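**Q** Quick one: structure below, then a few questions.
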Amino acid sequence: MRRRNWDQLAAGVSLLLLAALAAGTWYLALQSQREEGRARVRTTSGEPDYFLDDAVFTRIDVHGNPVYRISAEHLLHYPEDGTSVYQSPVLVSVDPDRPRVTVRADQGRSNADGSQTVLTGDVVLVRAPLADEPQMTIRTEKATIYSDTQIARSDQPVRIERGRSVLTGVGMEFDNAARSLKVDSQVTFTWQPPPTSR
């Protein structure tokens, strides 16, 4: 009789332990779902997940060679779409096989993989002089830089200074790899011959 009571007590304790384990598991699962919900709200709230001051990044190609460098006074990164927002960005092409190009602006925004950067506010693109060509400067208020193809595009009014000559228009495409420039419309051109050596 005593043994039977002991078995009943052991079975009761086992059932209590199993019930406590089930309740604990349910509680932990509920807490996990709540934390996931909070994290989802945080990542979709439009808030940056990190920021950097005096940021400098170098983009490399598939062979590990540097293609361009971007620096900024301030950078914000947004986790929901992976974009980076820059204050006072400076992009510099560092491909030794291409003419050196430096682009400055007031603000910028890059997509998640850095292949496309939209620059706004006092955008100035400078292509360094070459042996057979003078320095070229392009000024506009908005431009999109495609780092993979080294192309810059704008649909805004542009002013292009090549040496002492000036070209203005609306919309342009500058291809650094092909060393070509196309202006879309409303083109005016003032040509100044290069200075002659005496």
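The values are calculated or read from the model by the stated rules, or taken from the named source; none is laboratory data. Keep in mind that this is a model prediction, so the values were computed, not measured. Here the Cβ is made from the backbone with ideal geometry for all residues, glycine too, and neighbour counts use every protein chain on show. For accessibility, only protein heavy atoms count, side chains too; no ligands or nucleic acids. Shrake-Rupley method; radii C 1.70, N 1.55, O 1.52, S 1.80 Å.
**Q** When the distances between all Cα atoms of the range 104-157 are binned every 5 Å from zero, what whole-number percent does each bin get?
**A** Going out from 0 Å in 5 Å bins, the range 104-157 shows 5, 19, 26, 24, 16, 8, 3, 0 percent.
**Q** Still on this structure, please answer the following. Could I have the simple spin-label model distance between Val62 and Glu80, label points 7 Å from Cα toward Cβ, reported in nm to one decimal?
**A** Between Val62 and Glu80, the label points sit 3.3 nm apart.
**Q** Okay, moving on. Hey, what's the range 39-198 come to in accessible area per residue, 1.4 Å probe, Å²?
**A** Result: 59 Å² per residue.
**Q** So, in nm, how far is label Tyr146 from label Thr102 when the simple model puts each one 7 Å beyond its Cα toward the Cβ?
**A** 2.6
**Q** Nearest 500 deg cm²/dmol is fine: what mean residue ellipticity at 222 nm does the chain get from its DSSP H runs of n ≥ 4 alone, each adding -39,500 (n - 2.57), divided by its residue count?
**A** -8000 deg cm²/dmol
**Q** So for the range 94-160, averaging the separation of alpha carbon pairs under 8 Å that are six or more residues apart and normalising by length, what relative contact order in percent results?
**A** Relative contact order of the range 94-160: 26 percent.
**Q** Projected onto the charge dipole of the chain (+1 at Lys/Arg Cβ, -1 at Asp/Glu Cβ, origin at the Cα centre), which of Ala177, Val90, Gly46 gives the Cα projection farthest towards the positive end?
**A** Ranked along the dipole, the leading option is Gly46.
**Q** Moving on to the next point. Counting only C-alpha contacts under 8 Å and six or more residues apart, can you give the relative contact order of the chain as a whole percent?
**A** In percent, rounded to a whole number, it is 10.
**Q** Report the paramagnetic label zone for Ala177: residues of the range 108-125 whose backbone N is under 17 Å from a point 7 Å from Cα along the Cα-to-Cβ axis.
**A** Counting only backbone N, you get 114-117.
**Q** Next question. Shape call for the range 138-198 from the C-alpha gyration tensor, a ≥ b ≥ c root eigenvalues: rounded (a/c under 1.5), prolate (a/b greater than b/c) or oblate?
**A** Oblate, because a/c is 1.5 or more while a/b does not exceed b/c.
**Q** Let me ask another. Taking the Cα centre as origin and putting +1 on Lys and Arg beta-carbons and -1 on Asp and Glu beta-carbons, what dipole magnitude results for the range 118-198, to the nearest 20 debye?
**A** 300
**Q** Here is a follow-up. Which three extents, in angstrom, do the Cα atoms of the range 38-135 have along their principal axes, listed largest first?
**A** Between the extreme Cα coordinates on each principal axis of the range 38-135 lie 60, 33, 20 Å.
**Q** Expressed as a fraction of 2.2 N^0.38 Å, the rule-of-thumb size for a compact globular protein of N residues, what is the C-alpha radius of gyration of the range 60-198?
**A** Values: Rg = 15.8 Å, N = 139, 2.2 N^0.38 = 14.3 Å.
With N residues counted in the range 60-198, Rg over 2.2 N^0.38 Å equals 1.10.
**Q** Calculate, in nm to one decimal, what Val170 and Val187 gain on full extension: separation in residues at 0.36 nm each, minus their alpha carbon distance.
**A** My answer for the length gained is 5.4 nm.
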